[in-house]
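Okay, so here's the structure we're looking at.
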Amino acid sequence: MKFSCNKQDLMEAINIVQKAVMTKATIPILEGIYIETNDSLKMVGNCYDMGIECSINADIQQKGSIVLNSRMFGDIVRRLPNSEVFIQVKPNFNVIIECDNSYFEIKGLSAEGYPMLPTVEEEQKISVSQTSLRNMIRKTIYAISNDENRKILTGSLIEANDGDLSMVALDGFRLAVAKVMIKEDTNFKAVIPGKNLTEIYKILEQSDKDVKITLSKNQALFELEQCRIISKLLEGEYMNYKNFLPEQFETNIVVDVSEIIESIERASLITNDDKRYPVKIVIEDNKMLITSNTDVGISKEELLININGNNMTIGFNPKYLLDSLKVADEEKVEIFFSSSVGPCIIKPIEGDSFVFMILPVRIK
């Protein structure tokens, strides 16, 4: 095998496929990146839970394949000069890497036995822009549970229904739903592991270019222009999240997002990481009073709001409020309170692109 390519293109591909490479494996080949030269340069990382294949343009002089240790190969290429990289594989699996005046010779592994990406049998297929999918993940990923005893909640539900694509996450204390419109009129449900979605988010760009999502019984395939990502699906039935969303409310308010974020952050300054104190919110007379009372001091701040309904006193974990508000991407949002001890809902003033639900905490 012999080829040359641009260093930046090579590094970008390595960074992408490394997201699916095992860092510690009992078999050395699983800690490697599969490299193949044919019509283009193809690189693969696979940890079984997720596999990534990336192709880049290269000057192919001799076809072949090899597996290189992911960490070592990545570290070498990262530190090479920004120039053309020449790579050649010798018959004994030694690999020569040259770039300007830099020269490396490292030991590779035979590509035989490397777990290549499986074929995904198409059952359902949709397309959505990279920007839309990226925003959906960002708006929900924080609410995924890390409780391995409830495995299904360690993933996000992706659901298509009559021209809408929804992504849902819940952890028992909060619920996040993001929604976009799609062209396909299809119906399906699948639960994708949260750790895989985190890596997919890092690969996606702010771009109008489409991601094609193909679902089979136990796998999801995400196809980008030069990249294929296969994620396993979590088994089991996801909770009927719509049952958790209250339909009747005592009070609703309209607030400026940046103002309430800054106020809650200031209220959180007199707390500590060891003990999470709630913030108390008092709503009356078109004003919102945000207070925090901890063993080191107190904080009070007042905001002007638009209120509809009854006066309300309620407490929240400030982190849960901030996690939702910071991904709202709106100047103003509407917050609905079902009661002083019931869940609250955060929505955009217009449309239904997201719904965030947060459970309150009891306050003295």
Given (i) 1.00; (ii) 1.08; (iii) 0.97 as candidate values of Rg/Rh (Cα atoms, Kirkwood Rh), which corresponds to the one derived from the coordinates?
(ii)
Expressed in nm², what is the orientationally averaged projection area of the convex hull enclosing the Cα positions of the stretch 29-93?
5.0
Among GluC sites (Glu not before Pro) in the stretch 193-238, those in a DSSP loop whose Cβ has at most 16 other Cβ atoms within 10 Å are Glu205, Glu225, Glu235, Glu237
Three principal axis lengths of the stretch 121-191 [C-alpha, angstrom, descending]
35, 26, 18
Would you calculate, for the chain, the mean residue ellipticity at 222 nm contributed by helices, counting each DSSP H stretch of 4 or more residues as -39,500 (n - 2.57) and dividing by all residues, to the nearest 500?
-5000 deg cm²/dmol
Dipole magnitude of the chain about its Cα centre, charges +1 at Lys/Arg Cβ and -1 at Asp/Glu Cβ only, in debye to the nearest 20?
980
Among the listed pairs Lys42/Lys212; Lys63/Lys195; Lys7/Lys209; Lys202/Lys232; Lys24/Lys242, those beyond 29 Å (Cα-Cα):
Lys63/Lys195; Lys24/Lys242
Quick one: what Rg and Dmax do you get for the stretch 245-358 from the alpha carbons, in Å?
13.4, 42
Largest-first semi-axes in Å of the equivalent ellipsoid built from the Cα gyration tensor of the stretch 1-43 are 21, 13, 7
Separation of the stretch 280-316 and the stretch 93-164 by C-alpha centroid, Å?
43
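Any read-out appearing in this document is the output of simple, stated calculations on the displayed coordinates, not a laboratory observation. Computed from a prediction, not measured in an experiment: that's the story for all the values here. Neighbour counts are summed over all protein chains in view; Cβ atoms, including those assigned to glycine, are modelled from backbone coordinates with ideal geometry.
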